[in-house]
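Encoded as structure tokens, the structure appears first; notes follow it.
The values are calculated or read from the model by the stated rules, or taken from the named source; none is laboratory data. Since the model is a prediction, treat every value here as computed from it, not as a measurement. Virtual Cβ from ideal backbone geometry, glycine too; neighbours counted across all protein chains shown. Heads up: the accessible areas ignore ligands, DNA and RNA and are worked out on the full protein's heavy atoms, side chains in. Shrake-Rupley method; radii C 1.70, N 1.55, O 1.52, S 1.80 Å.
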Amino acid sequence: MNTERAIVIGGGIAGLLAAKVLSNFYIEVVVVDRDHFSEEPESRSGTPQAFQPHRLTPRCSLILNRFFPGLMNELIKKGAYSTRGKTTHLLSPYGKMTSVEQSHNASYSRTLFEWVIRQYIQDIQNVRLLGLNEVIHLQASEDRSKVTGIIVRERVSGERKQYTMTADLIVDTSGQFSKTVQWLSELGYEVPQSERLKISLGYSTRRYRIPDGRKEELDAIRLEGDPLKITHGAAFSIIENDIAEMVLWNLNGQYPSNDPALFEQGIRHLGCPLLNEVLDGLEPIGLPRSFRVSELSRQHFEQMQQWPTGLLVMGDAFCQLDPVYGQGMTLAAMEAEILETSLRHHLIHLQPSFEIEVHKKMQNCIEVAWWLNAVSDLRWKGVEYVGSKPIQGLQFAQNYLEHVLQVSTEQTNYEIFGLYWLVNSLFLSPSELFNVEMVTALLAAGGSGEAKQRLDHWVKESDQPLEERLEHLLPSFKGATFATIDQLMSS
């Protein structure tokens, strides 16, 4: 295993995490991005979603706190809002639950978060950030079995000069702008068809300045959208430097407006007093900004019979998730851990199929997130799934998760609600919720919703033991890695 140089294509969150891991194995790590790396927190054109809300899940926090010790303290020092002891109101069609942040956490903008992570990376001596340089091709060996470097076009001078940079390993983390599929095809590789979720998701976010004396009384609020009524979802929170943000979102082309008057009207039409009250006295900063996601995609590089050595893919370049659920950075962090473990093992036991094995391990974790995304998003009329195989256990999972949300909310069962949330945030395996004991207990817990009626009918239509039915109906997720409740309690 040669460890002279590793190159990361893309300087977003996934790219910075990859660079952190690679810095422990390679003499030199170069992060190449078409955008300029500013010395201050500034949005980049390569992250058009940066103005929209970004949050860490508990799983992501566990990983990042290990990679970057003192991360939360550094974020708060730079202006992020400490959320320890703060209340969040979680509203759904079934009522309201409240949670109080127990861990050392913070809320912030994507711009601030990425900038702070980048400061950690810049302090690593063998990592070089190369901005204003665009990767336009891969360089390969004569037989095209190995990727040996990249061809770069610099974006500083008017001449747009091109040059080649060689490397022992290249990791593509360039997200939605990734050209890996195109590059592989040009090298003669047959790339499997991707899975897609056509969601036509729209966000609109507006920021507000908080006047003196108001900040301590403001709670975070999250309102779930209603797939049946096709109503907007919404969220309010403080981010940093006495600034708060309000976001509205919807699927299937039901986009929230970025017109100020219509945006505020959209909030009022949700009929949520908490949302209306929280904006009272806040000063709008600029206009609402929109962001659109036409579809999500999941690549299947792990299925390829042939794959060039020296090339890996991570982050949104591998699988793009629905940003509503906040799983994107979590999955990138999980992939970074897989990369770290795989490289450590590869140094001791060289694997001829190293890249394929890494992609298989990453795909095991992607499968969980993708399945949860599909189960949730396909509840919305007009959302379409395109793939070679149907989503396993789709209708059962939709009815079951809806019943879990209804029962836990209406009966104020925080234990079940917490389990529901930890599964959906990739902290715990779905098997913690989808097992015989839990299914039996939750069906016996009462409830009179339509989801409960459909579940009861499903149980009665077969004499096959419930354990066998669940085993055959749902994905096993056996290859994925998860955290533990003990890790949550110690965070």
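Of all the residues in region 39-52, those that are closer than 12 Å to Phe113 by Cβ and open to solvent by less than 40 Å² (accessible area, probe 1.4 Å) number 2.
If Thr87 meets every condition in (1) over 22 Å from the mean Cα position of the chain (by Cα); (2) under 19 Å from Gln122 (Cβ atoms) apart from one, which number is that one? The single condition Thr87 does not satisfy is (2).
A quick yes/no check of all residues on (1) assigned to a strand (DSSP E or B); (2) of a type in the set (Phe, Trp, Tyr); (3) open to solvent by 40 Å² or more (accessible area, probe 1.4 Å):
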site	(1), (2), (3)
Trp183	no, yes, no
Glu190	no, no, yes
Ile199	yes, no, no
Gly202	yes, no, no
Tyr208	yes, yes, no
Pro211	no, no, yes
Glu216	no, no, yes
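Within region 136-160, restricting attention to residues that are surrounded by 12 or more Cβ atoms within 10 Å (Cβ to Cβ) and charged (D, E, K, R), the residue that is farthest from Phe25 (Cα to Cα) is Arg155.
Out of Leu331, Leu321, Leu350, one residue alone is aliphatic (A, V, I, L, M) and farther than 25 Å from Thr57 by Cα. It is Leu350. Pick from region 20-55 the residues that are at pLDDT 95 or above and of a type in the set (Val, Ile, Thr): which of them is nearest to Phe177 (Cα to Cα)? That would be Val32.
Looking across region 375-412 at every residue that is surrounded by fewer than 19 Cβ atoms within 10 Å (Cβ to Cβ) and among the charged types (D, E, K, R), the one that is farthest from Thr98 (Cα to Cα) is identified as Lys389.
Which of the residues spanning region 292-328 are hydroxyl-bearing (Ser, Thr, Tyr), under 19 Å from the mean Cα position of the chain (by Cα) and in a strand (DSSP E or B)? The answer is Ser294, Ser297.
Beta carbons closer than 9 Å, at least 6 apart along the sequence or on distinct chains, pair a first residue in region 224-251 that is on the phi > 0 side of the Ramachandran plot with a second that is in a strand (DSSP E or B) and of a type in the set (Phe, Trp, Tyr) for Asn241/Tyr81; Asp242/Tyr81. Taken together, the residues in region 100-109 that are open to solvent by less than 50 Å² (accessible area, probe 1.4 Å) and modelled with pLDDT under 95 amount to 2. Restricting region 275-284 to residues that are surrounded by fewer than 19 Cβ atoms within 10 Å (Cβ to Cβ) and at pLDDT 95 or above, which is farthest from Asp226 (Cα to Cα)? Filtering first and then ranking leaves Glu283. Taken over region 1-32, the residue count meeting the criterion of being closer than 19 Å to Gly175 by Cβ, touching a helix residue (DSSP H, G or I) at 6+ places or on another chain (Cβ under 7 Å) and part of a loop (DSSP other than H, G, I, E, B) is 2. The set of residues from region 318-338 being more than 18 Å from Glu114 (Cα to Cα) and open to solvent by less than 30 Å² (accessible area, probe 1.4 Å) comprises Phe318, Cys319, Leu321, Asp322, Val324, Ile338. Any chance region 56-68 includes a residue that's under 21 Å from Gln487 (Cβ atoms), open to solvent by 10 Å² or more (accessible area, probe 1.4 Å), over 20 Å from the mean Cα position of the chain (by Cα) and not small (Gly, Ala, Ser)? No. For the residues Leu287, Leu372, Leu343, Leu347, the requirement of being assigned to a helix (DSSP H, G or I), touching a residue at least 40 places away in the same chain (Cβ under 8 Å) and open to solvent by 20 Å² or more (accessible area, probe 1.4 Å) singles out Leu347.
Go through region 224-238 residue by residue and tally those that are among the hydrophobic types (A, V, I, L, M, F, W, C), closer than 26 Å to Asp316 by Cβ and either touching a Gly at 6+ places or on another chain (Cβ under 9 Å) or open to solvent by 50 Å² or more (accessible area, probe 1.4 Å) (or both). Result for region 224-238: 1. Taken together, Ile391, Ile338 contain a single residue that is touching a Lys or Arg at 6+ places or on another chain (Cβ under 6 Å) and β-branched (Val, Ile, Thr), which is Ile338. Listed conditions (1) under 28 Å from Ile199 (Cβ atoms); (2) part of a helix (DSSP H, G or I); (3) open to solvent by less than 50 Å² (accessible area, probe 1.4 Å) are all met by Glu367, apart from (3). Looking only at region 76-128, filter to residues that are without any contact (Cβ under 8 Å) to a residue 40 or more places away in the chain and among the aliphatic types (A, V, I, L, M); which one of those is nearest to Leu488 (Cα to Cα)? So, considering only residues that are without any contact (Cβ under 8 Å) to a residue 40 or more places away in the chain and among the aliphatic types (A, V, I, L, M), the one nearest to Leu488 (Cα to Cα) is Val100.
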